[in-house]
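Working notes, beginning with the structure itself.
The values are calculated or read from the model by the stated rules, or taken from the named source; none is laboratory data. The structure presented is a predicted model; accordingly, all values stated were derived computationally and were not measured. Here the Cβ positions follow ideal geometry from the backbone for every residue, glycine too, while neighbour counts run over all protein chains shown. Quick note on the areas: whole protein, heavy atoms, side chains included, nothing else; ligands and nucleic acids left out. Shrake-Rupley method; radii C 1.70, N 1.55, O 1.52, S 1.80 Å.
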Amino acid sequence: MTGAERREMRRALLAITLVGSACFGWAESLSRREKETLVSEGDALYKGGQFSAARDKFQAALAGGPSRAESRRWRPLVGRTFEAEGNYQKALTVYQEAFDGDPKNVDRWIDLARLYDAVEIDDQAVRFYAEANKKDTTRRDVALALAALYAQSGRLAEAKTLAVQAVRTEPRDYSAQELLADIEERSGDLAGAARRRETAVSLRSSAEGYMKLGRLWARQDVFDMADAAFVRAGQAGDSGPEPSFERAVLAWRQGQIDRARDLLADAEKRAPGYFPAGFLRRWMDIQSRGARAVSVTGLSPGDPDCARWAGVLESAGSPSRKGKP
Amino acid sequence: MTLRTVVGTLLAGGLVLSTASVDASPEADRVTDAVWAQVRSLPAAQRPKVGLVLSGGGARGLAHIGVLKVLERERVPIDLIVGTSVGAIVGALYASGVSAADIEGMASEVGWDHLTDLSSARVVRLLVSERLLSTQKMEQYLQARIGDQSFADLKIQFACLATDVRTGEGIVLREGSVALAARASATMPGIFEPVPFRHRLLIDGGVVDNVPTEVARRLGADLLICLYVPADLSRNNVSNVLTMMTQALYIQGQTLSEERVKQADFLVRPDVSDISALELWRSKECMEAGLRAAETAWPALKRLLAEKFLERSVASPGGNPAPEVPRP
């Protein structure tokens, strides 16, 4: 074959390849570098919230003749984009395919578990997380997700075991401390839960965290600790009228009526028309004035639930009700 | 409708709330929490008498334990417990001072062989010679845990319901040995032999009244919380004469129970309908279901308790709830 004939032959083969690609969708084989570039571009798009564009990149990489190992790594990324878009059905299909191709990989169990958790198929989520936890006991994220699911279904002892393990592994994990505090609180160990919440707010200080802590101490009638926590809540940020209101309740419960009134005034100053403060102020009026009528005028229940309480107040404050058996 | 009418309707009694969570506004929740913190420890004379009705239901009734755990955790004062069948056993233990956590521990381990003389040989005897099984061990099991207490010794007023198999009367047991009474109340007919009790021959109270709300009202409960664990009848096999007859009895019983439930102020109905009365080995599932149901119901129950306690405290001779004395 002459050189000219060989050139002619190569052109013909190239033409056949191009026509084949166009007509039958034959995959164009990409170099390893090109594929890696596509995947890293996809990652960047995913992180930027452009899930559909990210998926195009991942799929292009997968269409570029991936090795088995590459396919195992990249297929779940496509599932991740569907999951991020809330398209759980397609995500499930992709994750299931990825799982079938790589069942020994703990991440494939976690993908499915997370998806079942998102669509609230709890028994399946528990099954997959539990298996993942068995395969890799060092994964705190898995242990915590499983603990949260156990807690949700009332399996508090199992939830606690996992959460305790997670906290032991990393005591500075705020969410682990929070979860364990929730579990302890639900198990009736209020003192333990309060200590745990102390640790949690020391890791991440927030008004909400201190409010939770204060309410937990208040439930146990540990007034000074509760008050201190509410004070910290007030200092931690724009917490509105609630810290002052809760402190007023503590003062009221201890018979410190003047202090309670001052704190209620502070709560109402922070949020004019704050119903709980108005309610409690009037209730203290009923207590101190005995049978005399207490007006609910000016008390503005913003919703039917508060209206119910306003009605109770009106009924209790009415002179005709006093002394009725 | 005026505010007063709304509140009047809600406080008029006979109100039954479902176990569905009632999401109140955060501001209303703050009021409820404040009032509840103040009134939960009122002396009994200044608040309504709180009654707890524990229905029958065999293994399903172990869900009561999960509910008790939540009530105990939230420090709900219980003044009266009335139970039927498994409700009588759980109620007897709780009324005698055993904590919900300890009852949970017992329920996790208990099997029919702890409560009856169940064995292969006994089952053959039951089938061949129609000799019923004995529940003597159930009484011994209870005695081992609460001793030989009589009703008068109990920390919480307690009553349980049994059926006189000769007369068909519902018998409210409130005197004598608690263990014997609870055993009689939980003696399922057709499997276990009746329990002689004074001049009577007693079987399971569920035959006449599986949800003894009426009894609790008669015993003075002002505010009645009912724990009810019905079966899902549609799951039962009704392929032959015997199962058809059994199903008919279940339907009758459940129809009556649904009526009884309406007399409660608050209903907690754990979802254990797929568990049969004999599946004691599913105790954990039942208790978890009870805990979940009670936690879901707690915000609404707390609100009801806070309202009723507050209302009674104002109306009582003692007047308004006094501020608490700070603890040293």
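Here are some notes:
- Which numbered condition residue A:189 fails, given (1) within 24 Å of the chain's Cα centre (by Cα); (2) within 17 Å of residue B:31 (Cβ to Cβ); (3) charged (D, E, K, R): (2)
- Scope the stretch B:159-188; condition of a type outside the set (D, E, K, R) and touching a Lys or Arg at 6+ places or on another chain (Cβ under 7 Å); matching residues: B:159, B:171
- Which numbered condition residue B:265 fails, given (1) touching a helix residue (DSSP H, G or I) at 6+ places or on another chain (Cβ under 6 Å); (2) more than 14 Å from every other protein chain (Cβ to nearest Cβ): (1)
- Among residues of the stretch A:283-295 being touching a Gly at 6+ places or on another chain (Cβ under 7 Å) and buried (at least 19 other Cβ atoms within 10 Å of the Cβ), the one that is modelled with the lowest pLDDT is A:294.
- Residues being over 12 Å from residue A:283 (Cβ atoms) and part of a helix (DSSP H, G or I) - total across the stretch A:254-264: 4
- Condition check for residue B:4: within 19 Å of residue A:313 (Cβ to Cβ), among the charged types (D, E, K, R) and at pLDDT 50 or above: no
- A single entry from A:265, A:248 fulfils the requirement of being at pLDDT 85 or above, more than 9 Å from chain B (Cβ to nearest Cβ) and more than 17 Å from residue B:307 (Cα to Cα): A:265.
- For the stretch A:141-155, a residue qualifies if it is surrounded by 21 or more Cβ atoms within 10 Å (Cβ to Cβ) and not in a loop (DSSP other than H, G, I, E, B), and the qualifying residues are A:142, A:143, A:144, A:145, A:146, A:147, A:149, A:150, A:151.
- Any chance residue A:111 is open to solvent by 40 Å² or more (accessible area, probe 1.4 Å) and acidic (Asp, Glu): no
- The stretch A:194-236, residues that are open to solvent by less than 60 Å² (accessible area, probe 1.4 Å) and of a type in the set (S, T, N, Q): A:199, A:206, A:220
- Residue B:311 being within 14 Å of chain A (Cβ to nearest Cβ), buried (at least 19 other Cβ atoms within 10 Å of the Cβ) and under 18 Å from residue A:188 (Cβ atoms): no
- Reported count of residues in the stretch A:51-82, each being open to solvent by 40 Å² or more (accessible area, probe 1.4 Å) and within 21 Å of residue A:114 (Cβ to Cβ), is 7.
- The stretch B:23-70, residues that are touching a Cys at 6+ places or on another chain (Cβ under 7 Å), open to solvent by 10 Å² or more (accessible area, probe 1.4 Å) and either basic (Lys, Arg) or more than 8 Å from every other protein chain (Cβ to nearest Cβ) (or both): B:60, B:62
- Within the stretch A:179-205, residues that are farther than 17 Å from residue A:157 by Cβ and in contact (Cβ under 8 Å) with a residue 24 or more places away in the chain sit with their Cβ atoms under 8 Å from residues that are outside any helix (DSSP H, G or I) and open to solvent by 50 Å² or more (accessible area, probe 1.4 Å), at 6+ positions apart or across chains, in these pairs: A:199/A:171; A:203/A:172.
- Any hit, the stretch A:249-271, residues being surrounded by 19 or more Cβ atoms within 10 Å (Cβ to Cβ) and within 25 Å of the chain's Cα centre (by Cα): no
- Flag if residue A:305 is at the interface with chain B (Cβ under 7 Å from one of its Cβ atoms), assigned to a helix (DSSP H, G or I) and at pLDDT 75 or above: yes
- Complete set of residues in the stretch B:33-57 that are touching an Asp or Glu at 6+ places or on another chain (Cβ under 6 Å) and not basic (Lys, Arg): B:48, B:50
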